[in-house]
Amino acid sequence: MRYGAADVLNGVAFQVRQGEVVALLGPNGAGKTTTIEILEGFRMRSAGRVEVLGADPAHGDERWRDRVGVVLQSWRDHGKWRVRELLGHLGSYYTRPWGTDELIETVGLTGHADKKIKALSGGQRRRLDVAIGIVGRPDVLFLDEPTVGFDPQARQDFHGLVRRLADDATTILLTTHDLGEAEKLADRIVILAGGRIIADGPAAALARRIAGEDEVRWVCGGERHVVSTGDSTAFVRELFGRHGEDVRELEVRRASLEDTYLALVREHEGTDR
């Protein structure tokens with residue numbers, strides 16, 4: 001993607017499998033939103049090949065749109081509609097929509113189904129945004145900062161919904177600045193910086209790439225032990241096989257996604273200088 005003489009995206013290449021949840025991460029200006037908009041068919045790319053559900057999004061027809069769901073960072077329309085009315089109306093455009101009341105219950109708006117949208121709180125409005133995005137039971141769902149404004153309970157409920165959708169073979173691509181959310185939800189992490197992909201893989205694999213080995217700490221026989229290992233699961237299994245219940249205060253420390261993300265972005269910024 002090029003604006004004038006500046007490349008906003010260059011050589012970005014990745015695939016997402018059916019039912020996979022992929023988090024697209026990166027600092028502001030990295031090209032995340034541009035990437036998502038190209039995949040959604042809302043922005044025309046300058047060059048390259050893009051395919052979503054077997055079609056070029058730039059030329060997606062109504063049948064293609066019927067299979068795609070989008071949750072934008074915010075919606076600012078439909079304020080005079082009531083929740084149930086709007087979702088019922090939008091569902092009528094799809095071939096296999098959710099039942100309206102089932103969808104309202106799924107996103108936690110049952111008690112607000114007859115409210116006008118302009119009367120909803122910020123968190124309730126965000127739940128409605130999600131409902132609008134999934135009303136057609138999409139095969140591919142794009143989520144742009146989906147839990148902004150959610151309280152902890154709403155965020156937990158939404159995470160459960162994402163996993164249920166993925167279990168039902170919905171493919172999900174999400175952007176978020178909440179790295180804990182990405183680590184919890186995503187099967188795979190794709191990190192963009194400077195318009196290029198600098199990392200792609202499961203969070204644990206990316207952490208090993210940066211941090212190397214896990215650190216295992218425990219107490220046995222009154223003595224404290226610390227060991228670094230590339231396979232903490234196998235090590236702990238062997239440890240309990242040798243010492244059983246004598247193992248106390250076991251702790252396994254792995255690099256978090258936040259540690260990994262910051263290290264990769266700093267590394268990229270260093271090579272760009």
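Quick look at the values:
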{"quantity": "Residue within segment 142-161 that is at pLDDT 90 or above, outside the structural domain of Glu258 (by TED's automatic domain parsing) and assigned to a loop (DSSP other than H, G, I, E, B) present", "calculated": "no"}
{"quantity": "Leu264 vs. criteria under 27 Å from the mean Cα position of the chain (by Cα), surrounded by 15 or more Cβ atoms within 10 Å (Cβ to Cβ) and not assigned by TED's automatic domain parsing to the domain that holds Gly160", "calculated": "yes"}
{"quantity": "Enumeration of residues in segment 65-124 that are closer than 22 Å to Leu53 by Cα and touching a strand residue (DSSP E or B) at 6+ places or on another chain (Cβ under 7 Å)", "calculated": "Arg67, Val68, Gly69, Val70, Val71, Leu72"}
{"quantity": "Residue count, segment 241-273 (criterion: under 30 Å from Pro27 (Cβ atoms) and either assigned to a strand (DSSP E or B) or in contact with a Cys (Cβ under 9 Å, 6 or more places away or on another chain) (or both))", "calculated": "2"}
{"quantity": "Some residue of segment 226-240 being of a type in the set (Phe, Trp, Tyr), in contact with a strand residue (DSSP E or B) (Cβ under 6 Å, 6 or more places away or on another chain) and not in a strand (DSSP E or B)", "calculated": "yes"}
{"quantity": "Among (1) surrounded by fewer than 21 Cβ atoms within 10 Å (Cβ to Cβ); (2) within 25 Å of His78 (Cα to Cα); (3) out of contact with any helix residue (DSSP H, G or I) (no Cβ under 6 Å at 6 or more places or on another chain) - the single one Ala113 does not satisfy", "calculated": "(3)"}
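The values are calculated or read from the model by the stated rules, or taken from the named source; none is laboratory data. These numbers were taken from a predicted model, which means no experiment stands behind them. Counting neighbours? That spans all protein chains shown, and the Cβs are built from the backbone with ideal geometry, glycine included.
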